[in-house]
Amino acid sequence: MVGNLASAIAMEPAGFGERIGIRVTRRIEDVEVAWRDLTAGAVQSPGLGYDFIRLWVRDRKIPTSQQRYVLAELDGRAIAILPLHLKRVWGIRVLTWFPGTNAGCYAPVADHARLAALGPAGRAELWRAMTADFRGAELLFLRSVPAEVDGHPGLFDELGTWLEHETLYRAQFSSWAQCDGEQRSRSRRKHDRQQGDRLAALGAVSFEEITDPVLAAPVIDTMFHQRSERFRAQGIRDCFVEDDLIGFYHAAMAPGSGIDVRLHALRVEGEVVAVRYNIVHGDRMFCLISSMSDCSRMQGGSPGKQCLLRVMQDVFDNGIAVFDMGSGFTDEKRHWCNVQVPLRHHYIGLTPLGAVVIAAHRGFQQVRIWAKASPGVKKSLRALQQFRDRLGRKRSDEL
């Protein structure tokens, strides 16, 4: 039953004797208190923040009929929330995370210590209770869920079936000195210095962190222009423009959003040549978007790498313990990230059609994983993606 309240379910998971209550609502405000309580400490992603999802729902104009918030309580105390978007993907009705690929990972909003204490059997019962009464969809598709959360492995193993598909990369250090000592060799320092010298030869170089929305607005516009140029050069669909997402990232920086956005910008002679768009929650910083100038004069100085170097030099001595650089391997992640977390797609079939779709999607994902080791296959898949984009499919995320 979907409404402000749903029925409570009594059970005794793993011998603990707690009473599980499940509430389902279509209004995010109904779970605000519990959500903020569960995320008072660390979060795994901006996509788990209440303010981020509240703004996303409002900015994307998602009707309440397509929103589901499932709250689980043990003996009246919140333990987990599943925030879900009911949408159609290729005509299939799917319950999934709201922002799709716009954040590095997702997971149930949860009290991780209490989840760990439940044990596998207790967690299995909890997830079954939370997903037992969904109607109007063929399946749940929960993309990019971490295999380990803050030292707790396997908290979501019992949440449907899963397929490991990607890796999340993070830099976690107590200071810049530790980061520098562990991640940069003598040759790496020399290389960074040479690139810095080449950039400085083009003019005065400056680096800044921007939190003022007025000052940030033109920098954000520059960042998206640089991203568009990069997408165009690579023949990749520009999801930010085609899905009309740029306004969301401006709105996240606006006063009253509740989201702590910090831009890092590198300039040469006052011109922005590289940008990183970050969201901070507690002592964690998440980089959602990065860009750099495509000007051939600037390339020798590697403005993107120089910007990231200055970010690293700054953040770990100013209250940040974890710098999350998202999923997918890149050269910069190889240089800086000392923590790797496997990510999994989780699936729950709700109808026979949903079970068929899950089998097909898992097969496609396995081909994609295999393709990473085969340049020829990877090239063919990219061509297929570009053909699909030309057909006009405008979605920032996909099943």
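The values are calculated or read from the model by the stated rules, or taken from the named source; none is laboratory data. Quick caveat, the model's predicted, so the values are computed rather than measured. Reconstructed Cβ throughout: ideal geometry from the backbone, glycine too, with neighbour counts over all protein chains shown. Please note that ligands, DNA and RNA were not included when accessible areas were found on the heavy atoms of the full protein model with its side chains. Shrake-Rupley method; radii C 1.70, N 1.55, O 1.52, S 1.80 Å.
Add +1 for every Lys or Arg and -1 for every Asp or Glu among the other residues with Cβ under 14 Å from the Cβ of Cys295, and state the total. Residues near Cys295 contribute 0 overall. Between Val149, Val94, Val280, the GNM of the chain built on Cα springs shorter than 10 angstrom shows Val149 fluctuating the most. Coupling constants for the stretch 325-338 follow from the phi torsions by the Karplus curve (6.51 cos²θ - 1.76 cosθ + 1.60, θ = phi - 60°), and in residue order they are 9, x, 9, x, 6, 9, 4, 5, 5, 4, 6, 10, 8, 9 Hz; glycine and proline get x. Across the protein chains, with a 1.4 Å probe defining accessible surface, the residues Phe134, Phe364 rank Phe364, Phe134 from largest area downward. Ordering Phe156, Gln226, Thr25 by the projection of their Cα atoms onto the charge dipole of the chain, which places +1 on the Cβ of Lys and Arg and -1 on the Cβ of Asp and Glu, puts Gln226 at the extreme positive end. With kT/(6 pi eta Rh) evaluated at 4 °C and eta = 1.567 mPa s, and Rh the Kirkwood radius from Cα pairs, the stretch 174-320 diffuses with a coefficient of 80 µm²/s according to Stokes-Einstein. Length available on full extension from Arg368 to Asp221: 0.36 nm per residue minus the Cα-Cα distance, which gives 49.6 nm. Considering only Lys190, Lys333, Lys305, the Gaussian network model of the chain with Cα springs below 10 Å gives its largest mean-square fluctuation to Lys190. Site pair Arg334 and Ser174 shows an inter-label distance of 3.0 nm when each label is modelled 7 Å from Cα along Cα→Cβ. Reported to the nearest whole Å, the Cα centre-to-centre distance from the stretch 51-118 to the stretch 214-284 is 25.
Amide H contacts under 5 Å for Leu350: Leu139, Leu140, Ala355, restricted to partners 5 or more places along the chain or on a different chain, H placed in the peptide plane at 1.01 Å from N. For the stretch 90-99, the Karplus equation 6.51 cos²θ - 1.76 cosθ + 1.60, evaluated at θ = phi - 60°, returns couplings of 6, x, 9, 7, 10, 9, 8, 5, 5, x Hz by residue, with Gly and Pro reported as x. Overall, the chain carries a charge dipole of about 1500 debye about its Cα centre when +1 sits on the Cβ of Lys and Arg and -1 on the Cβ of Asp and Glu, all other atoms neutral. Calculated mean residue ellipticity at 222 nm for the chain: -11500 deg cm²/dmol, from DSSP H runs with n ≥ 4 weighted as -39500 (n - 2.57), summed, divided by the residue count and rounded to 500. Given the choices (1) 164; (2) 128; (3) 144, volume of the Cα convex hull per residue in Å³ derived from the coordinates of this structure is entry (3). Of Leu353, Leu163, Leu140, which has the largest mean-square fluctuation in a 10 Å C-alpha GNM of the chain? Greatest mean-square fluctuation among the candidates belongs to Leu353. Membrane-span-like helices in the chain, defined here as complete DSSP H runs extending at least 24 Å along the helix axis by their C-alpha atoms with mean Kyte-Doolittle hydropathy no lower than 0.0, are 352-371; this is a sequence and geometry rule, not a statement about a membrane. Under the criterion of Cα pairs below 8 Å and six or more residues apart, the relative contact order for the chain equals 21 percent. With N counted as the residues of the stretch 18-91, its alpha-carbon radius of gyration over 2.2 N^0.38 Å works out to 1.15. Label positions at Glu269 and Arg27, each projected 7 Å from the Cα along the C-beta direction, are separated by 5.7 nm.
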